[in-house]
Amino acid sequence: EQKNLVVGARYRPLSLITFAMEFQFTKHSALDDQGKSVLMPNPKVSHFINILLYGLTAILLFRVLFQWFPTTIDQSKFWNMAFVGTLIYILHPIHSEVVANVKGRDEILAFMGTLGVCYFSWKYLQRSNLINLFAAIITMFIALLAKENALTFLAVVPLAAYFFGKKIPLSRIAILTSALLVISLIYLGWRFHVIGYLLSSGVEIKDIMNNPFYGLSTSAKFATIFYTLGLYLKLLVFPHPLTHDYYPFHIPVMSFGDWRVILSLIANFALGLLALWGMFKKRIWAFGILFYFITFSIVSNIPFTVGTFMNERFVYISSLGFCIAMAWFTVRWLPAKLEGKGNIIGMGLVGLFTIGFLVKSITRIPVWRNALTLNTAAIKVSPNSARANTFYGTALFNEYKDEKDTQRKYKLLDEVTHHIDRAISINPKYFSAMTMKAGVIAENHKRDGDTQKCLNAFHEVIKQKPNISFVDTYVDYLAGGRASEQMLIDFAIRTGNLFIPSRDFNNAARFYQIGLKAYPNNPAIRRAMGLMYQTAGDRRAAEYLN
């Protein structure tokens with residue numbers, strides 16, 4: 001429904017269908033914040049299903065890799081590319097967000113679907129069985145309904161046929177690719193019908209929380225993008241530190257004069273050139289690199305922005321390219337180059353990665369226990385993120401509301417105030433932060449009773465974000481004898497006056513009405529109302545100016 005929230009909107013119905021089914025069969029009654037009984041989903045079921053699907057992903061991934069890299073006679077059941085590649089992938093800590101966050105199911109389902117595409121496509125290419133072709137088409141459509149990333153497998157499937165297929169007729173590859181293309185076009189048509197456009201609705205997204213590149217020069221935009229591309233490579237090899245929050249400005253705005261941007265440019269272009277060279281020689285490591293770049297391209301921010309600078313979940317699928325390259329290096333390259341010791345060194349290296357990844361995943365997963373643990377971890381890694389500060393402040397605010405000890409309670413409120421103010425200093429237009437700021441102002445007023453300070457603070461909030469309904473509610477509360485007539489009228493007039501230059505008469509009237517409602521005969525507020533109507537050319541001006 002929020003079609004103008006991010007570029008291209010979002011249409012991923014499959015995970016929503018699974019959530020609806022869960023709710024249908026596992027819903028239970030609970031009390032909301034107002035004490036009313038409501039039907040709620042069971043999060044334990046959702047988490048269990050995510051874990052189950054991730055386990056099934058391991059089985060599917062092993063089957064696909066075993067098709068591409070069958071075990072030779074001299075290899076064991078465990079020391080082969082299929083097993084090692086799957087092991088590294090499943091233990092990689094960069095996937096912890098996708099599995100631990102219920103929302104990550106769209107990624108899991110999309111990858112499972114594309115693995116199904118690869119599995120049935122390979123069977124069709126080997127045997128020209130129409131049942132397998134039909135199965136590949138169906139799983140492609142399912143994957144697309146999970147997430148748009150599946151489109152990249154239009155390139156991955158023929159690429160795998162080129163690298164690993166032997167004596168496969170080009171006509172068969174063409175038929176398969178054409179069939180997958182047709183079902184993808186059907187999906188895009190379906191998506192267009194639902195959303196109403198493909199990429200752009202014609203409405204410019206100015207909120208940097210959903211379009212972080214808004215207002216940046218082309219140079220700064222692409223320098224920042226290339227900086228994140230380097231961070232992705234670093235996290236694949238050394239996944240620390242991890243955070244769920246890469247919003248402005250955890251990732252700083254970069255320039256091409258920064259050495260980190262230059263290093264990332266060199267690394268990515270070198271890998272790209274190396275992969276192109278290796279492709280002609282059908283090197284396995286080249287396939288891994290190309291798999292990474294192809295599947296990552298759609299979320300790289302280069303063809304179009306995706307709503308944030310970066311996210312760990314964006315490499316959920318493409319990280320398989322790294323795992324394939326690592327499996328090749330440890331299982332194939334080292335034993336070939338270091339006869340006698342290669343297997344031992346390779347096993348040692350895989351063991352090192354396995355232990356490191358396992359420890360990091362085990363320590364990372366508990367972070368997702370609840371909002372407070374998640375955002376406590378995030379604020380340590382992402383202190384310059386407006387979103388992290390807001391969400392941490394919100395989590396602390398919920399603790400504040402439940403706290404009984406007065407001293408502890410106000411200490412929490414001070415900490416909430418600090419983080420909300422920090423979020424606003426990073427992004428003064430951030431609606432969520434401003435909404436929380438309004439709540440913090442009210443709570444501080446309850447503590448110190450300084451009504452003038454409270455109204456002045458509300459006035460500053462309204463300058464940035466006028467449509468925060470809580471402000472109206474609390475000012476009405478103050479108007480009930482807690483604010484003097486002069487305080488309230490002064491607030492109503494100067495706040496309403498903010499909107500006259502832009503001819504936003506609805507908001508101007510909204511704040512004038514606060515004063516009129518409390519003091520209908522006050523001459524100052526009546527004059528302000530009359531002048532507004534006069535400026536608007538409304539004949540009601542005479543009613544207030546006479």
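The values are calculated or read from the model by the stated rules, or taken from the named source; none is laboratory data. These figures come from a predicted structure and were not determined experimentally. FYI the Cβ positions are ideal-geometry reconstructions off the backbone, even for glycines, and counts take in every protein chain you see. Only protein heavy atoms, including side chains, enter the accessible area calculation; ligands, DNA and RNA are left aside. Shrake-Rupley method; radii C 1.70, N 1.55, O 1.52, S 1.80 Å.
Which of the following residues is over 30 Å from the mean Cα position of the chain (by Cα) and part of a loop (DSSP other than H, G, I, E, B): Lys123, Lys166? Walk me through it before giving the result.
Values: Lys123 fails: part of a loop (DSSP other than H, G, I, E, B).
From the options Lys123, Lys166, the qualifying one is Lys166.
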Inter-residue pairs, beta-carbon under 7 Å, first closer than 18 Å to Leu87 by Cβ and in the range 349-378, second of a type in the set (Val, Ile, Thr), 6+ apart: Leu349/Thr330; Val350/Val84; Val350/Thr330; Phe353/Ile88
Tell me, which helices (runs of 4 or more DSSP H) wholly within the range 29-102 include 2 or more residues that are at pLDDT below 95? 43-68
Are any residues in the range 327-347 closer than 24 Å to Phe66 by Cβ and among the small types (Gly, Ala, Ser), and if so, which ones? Ala327, Ala336, Gly342, Gly346
State whether one or more residues within the range 119-135 are touching a Pro at 6+ places or on another chain (Cβ under 8 Å), farther than 30 Å from Trp333 by Cβ and surrounded by fewer than 20 Cβ atoms within 10 Å (Cβ to Cβ). no
Within the range 275-311, which residues are within 29 Å of the chain's Cα centre (by Cα) and of a type in the set (Val, Ile, Thr)? Ile289, Ile294, Thr295, Ile298, Val299, Ile302, Thr305, Val306, Thr308
If you go through the range 351-363 one residue at a time, do you hit one that is more than 28 Å from the chain's Cα centre (by Cα), closer than 26 Å to Val99 by Cβ, part of a helix (DSSP H, G or I) and of a type outside the set (Val, Ile, Thr)? yes
Single match in Thr394, Thr406 (criterion: β-branched (Val, Ile, Thr), modelled with pLDDT under 95, more than 18 Å from the chain's Cα centre (by Cα) and closer than 22 Å to Lys437 by Cα): Thr406
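Given the residues Phe293, Phe226, Phe222, Phe329, which is the only one that is open to solvent by 10 Å² or more (accessible area, probe 1.4 Å) and touching a Leu at 6+ places or on another chain (Cβ under 7 Å)? It would help to see each step written out before you state the result.
On the way: Phe293 fails: touching a Leu at 6+ places or on another chain (Cβ under 7 Å); Phe222 fails: touching a Leu at 6+ places or on another chain (Cβ under 7 Å); Phe329 fails: touching a Leu at 6+ places or on another chain (Cβ under 7 Å).
Being open to solvent by 10 Å² or more (accessible area, probe 1.4 Å) and touching a Leu at 6+ places or on another chain (Cβ under 7 Å) holds for just one of Phe293, Phe226, Phe222, Phe329, which is Phe226.
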Determine which single condition Ile462 fails, assuming it passes every other condition in (1) open to solvent by less than 30 Å² (accessible area, probe 1.4 Å); (2) outside any helix (DSSP H, G or I). (2)
Selection over the range 43-70 where residues are under 22 Å from the mean Cα position of the chain (by Cα) and either aliphatic (A, V, I, L, M) or over 20 Å from Phe25 (Cβ atoms) (or both) yields a count of 5
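Select from the range 489-523 the residues that are of a type in the set (Gly, Ala, Ser) and either touching a Lys or Arg at 6+ places or on another chain (Cβ under 8 Å) or loosely packed, with under 15 Cβ neighbours inside 10 Å (or both) and write down the one among them that is farthest from Leu478 (Cα to Cα). Give the steps one after another, and end with the answer.
Restricting attention to the range 489-523, the residues satisfying the condition of being of a type in the set (Gly, Ala, Ser) are 492, 496, 502, 508-509, 515, 518.
From the residues that got through so far, the ones that are either touching a Lys or Arg at 6+ places or on another chain (Cβ under 8 Å) or loosely packed, with under 15 Cβ neighbours inside 10 Å (or both) too are 496, 502.
Values: Gly496: 17, Ser502: 28 Å.
This residue is Ser502.
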Scanning the range 498-525 residue by residue, those part of a loop (DSSP other than H, G, I, E, B) and at negative phi turn out to be Ile500, Pro501, Ser502, Asp504, Tyr519, Pro520, Asn521, Asn522
Within the range 230-252, restricting to residues that are part of a helix (DSSP H, G or I) and farther than 14 Å from Arg313 by Cα, the one that is least open to solvent (accessible area, probe 1.4 Å) is Gly230
Let me spell it out: the conditions are (1) assigned to a loop (DSSP other than H, G, I, E, B); (2) buried (at least 16 other Cβ atoms within 10 Å of the Cβ); (3) of a type in the set (Val, Ile, Thr), and Val203 meets all of them except one. Which number is the exception? (2)
Within the set of pairs 6 or more residues apart or between chains, which connect a residue that is farther than 13 Å from Leu198 by Cβ and of a type outside the set (D, E, K, R) inside the range 1-20 to a residue that is at pLDDT below 90 and surrounded by fewer than 16 Cβ atoms within 10 Å (Cβ to Cβ) with Cβ atoms less than 6 Å apart? Asn4/Ser201; Asn4/Val203
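What about Leu16, is it among the aliphatic types (A, V, I, L, M), open to solvent by 50 Å² or more (accessible area, probe 1.4 Å) and at pLDDT below 85? Before the answer, list the steps.
Numbers: among the aliphatic types (A, V, I, L, M): yes; open to solvent by 50 Å² or more (accessible area, probe 1.4 Å): yes; at pLDDT below 85: no.
Taking the combined requirement at face value, the residue does not satisfy it.
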Looking for something at pLDDT below 95 and part of a loop (DSSP other than H, G, I, E, B) - is there at least one such residue anywhere in the range 183-192? no
Working carefully through the options Ile379, Ile345, find the one that is farther than 30 Å from Phe78 by Cα and assigned to a helix (DSSP H, G or I). Ile379
Considering the range 406-433 alone, what residues qualify as being assigned to a loop (DSSP other than H, G, I, E, B) and open to solvent by 80 Å² or more (accessible area, probe 1.4 Å)? Lys429
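Quick check on my filter: what residues within the range 253-291 are part of a helix (DSSP H, G or I) and among the polar types (S, T, N, Q)? Quick ask: steps written out before the conclusion?
In the first step, residues of the range 253-291 are kept if they are part of a helix (DSSP H, G or I); the result is 259-280, 284-291.
Passing the criteria: Ser264, Asn268.
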Enumerate the pairs (first residue in the range 212-230 and free of Cβ contacts under 8 Å to residues at least 40 places away in the same chain; second residue anywhere and part of a helix (DSSP H, G or I) and basic (Lys, Arg)) with beta-carbon separation below 6 Å, excluding pairs fewer than 6 apart on the same chain, so at least 6 apart or on different chains. Tyr227/Arg260
Which ones in the range 126-151 are of a type in the set (Ser, Thr, Tyr) and not in a helix (DSSP H, G or I)? Ser128
Residue tally, condition touching a residue at least 60 places away in the same chain (Cβ under 8 Å) and crowded, with 19+ Cβ neighbours inside 10 Å, over the range 261-285: 1
